[in-house]
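Below is one structure, written out as C-alpha cells, with a few remarks after it.
What follows is calculated from the coordinates using simple rules that are stated; it is not laboratory data. These figures come from a predicted structure and were not determined experimentally. A quick note on method: Cβ atoms are made from the backbone with ideal geometry, for glycine too, and the neighbour counts reach across all protein chains shown.
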Amino acid sequence: MDISELQAELEKLHGASFGWALSCCRRDRADAEEVLQTVYLKILEGKACYRGESSLKTWLFAVIRKTAITEQRKRLLRALKSMAVPGIKPPRNSFAAEPALAFERTEAQQQFQKALERLPARQREVLHLVFYEDLTVREAANVMGVSIGSARQHYERGKKHLRESLNRGELDYGISWKRKENPGAIS
C-alpha cells in the first residue's frame, strides 16, 4: 500500500481511531489527541509499518493501544519524579477541567460509563472494541495482543459484570437494563 492510499484509509478511520484513543486514555481528550498524533508520526516515519497481516483497522488500533500504554507509563514516571522534586506539580486531569461535557450526558449514559469504568481494563477494552468500533472478538484479540480464547473470556465476563452493575443501579434510577431477547443473535 503506497502512502497516498494509506493516508486515505487513515482519514476514513480517523473518527474511530480517536474514539479508541479516548478509550485507551480513560476519556482524557488531550491525552488521546497526543497519542493519536504520536501514532500518525510513527506511521509517517516508518516506525510502525502495516504489513497486511490483519485488517488496517485492527493494526491501527493495536498501534494506538500500545502507544497509549507507553505514553501513560511516561506520564506516570514524570509524575513520580515531580513528586520527588519540591515545587513541581503533577499535570491536571483535563476531564476535570471540562465539567460542561459531564453535564451534557444523560443520567443513563453516566451510569453506563461509570459501570464500564469499573470493569477491569481487559474487559473494558474488548467491550469497547466490539461494541463501539465494530470489531469481531477475534480482531479485538489481535488489537489487544491476547489469544482469541482470552478475548472471548474477557468479553463474556465484561458483559456479565456490566449487566450486574447496571441492574444494581436501576433501582435507584428507575432504568431497565434487562436483556431483551433477540432471536437473530448468536449465543
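A compact table of results
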quantity: Amide H contacts under 5 Å for residue 48, placed H, 5+ residues apart; calculated: 43
quantity: Note, ³J(HN,Hα) from phi for segment 138-154, Karplus 6.51, -1.76, 1.60, rounded to Hz, x at Gly and Pro; calculated: 4, 5, 4, 4, 4, 4, 7, x, 10, 6, 4, x, 5, 4, 4, 5, 5
quantity: Violating pairs (Cα-Cα greater than 29 angstrom) within the set 12/42; 12/47; 47/114; 74/160; calculated: 47/114; 74/160
quantity: Estimated FRET transfer efficiency when R0 is 25 angstrom, pair residue 148-residue 49 (beta carbons, to 0.05); calculated: 0.55
quantity: For 65, 122, order by how many other beta-carbon atoms lie within 10 Å, fewest first; calculated: 122, 65
quantity: Which of 54, 4 has the fewest Cβ neighbours within 10 Å, and the rest in rising order; calculated: 4, 54
quantity: HN-Hα J in Hz across segment 44-53 - Karplus 6.51, -1.76, 1.60, θ = phi - 60°, x for Gly and Pro; calculated: 5, 7, x, 6, 10, 10, 7, 9, x, 6
quantity: Ranking of 114, 57 by count of other Cβ atoms within 10 Å, fewest first; calculated: 114, 57
quantity: Segment 4-73: relative contact order as a whole-number percent, Cα under 8 Å and 6+ apart; calculated: 37 percent
